[in-house]
């Protein structure tokens with residue numbers, strides 16, 4: 001499974017916010033933000049805090065990117 005946080009980065013740009021602003025506003029750990037920067041999975045609690053802090057929905061923050069299946073099976 002893979003995740004894409006591009007929607008979150010766009011929200012931050014649109015709102016003229018830095019990632020450090022998100023850390024303090026959403027009260028998330030820097031390790032969580034680092035994982036998101038690498039498109040890794042983070043907890044639902046962290047995503048909920050971000051959604052609440054930014055007054056948005058989860059689909060405004062993260063996208064699920066399905067793995068491509070090998071068609072040779």
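Annotations for the structure displayed:
- Any pair with Cβ under 6 angstrom, 6 or more apart, that starts in the range 1-25 at a residue that is over 15 Å from residue 49 (Cβ atoms) and ends at one that is at pLDDT 95 or above and in a helix (DSSP H, G or I): 7/60
- Considering each residue of the range 38-48 in turn, none proves to be closer than 17 Å to residue 15 by Cα, surrounded by 12 or more Cβ atoms within 10 Å (Cβ to Cβ), out of contact with any strand residue (DSSP E or B) (no Cβ under 9 Å at 6 or more places or on another chain) and without any contact (Cβ under 8 Å) to a residue 40 or more places away in the chain.
- Helices (runs of 4 or more DSSP H) fully within the range 1-52 counting 1 or more residues that are under 24 Å from residue 66 (Cα atoms) and within 9 Å of the chain's Cα centre (by Cα): 6-14, 30-37
- Condition broken by residue 35, with the remaining ones in (1) out of contact with any helix residue (DSSP H, G or I) (no Cβ under 7 Å at 6 or more places or on another chain); (2) loosely packed, with under 15 Cβ neighbours inside 10 Å; (3) at pLDDT 95 or above satisfied: (2)
The values are calculated or read from the model by the stated rules, or taken from the named source; none is laboratory data. Everything numeric in this text was worked out from a predicted model, so none of it was measured. Positions of Cβ are generated from backbone atoms using ideal geometry, with glycine treated the same way; all protein chains shown enter the neighbour counts.
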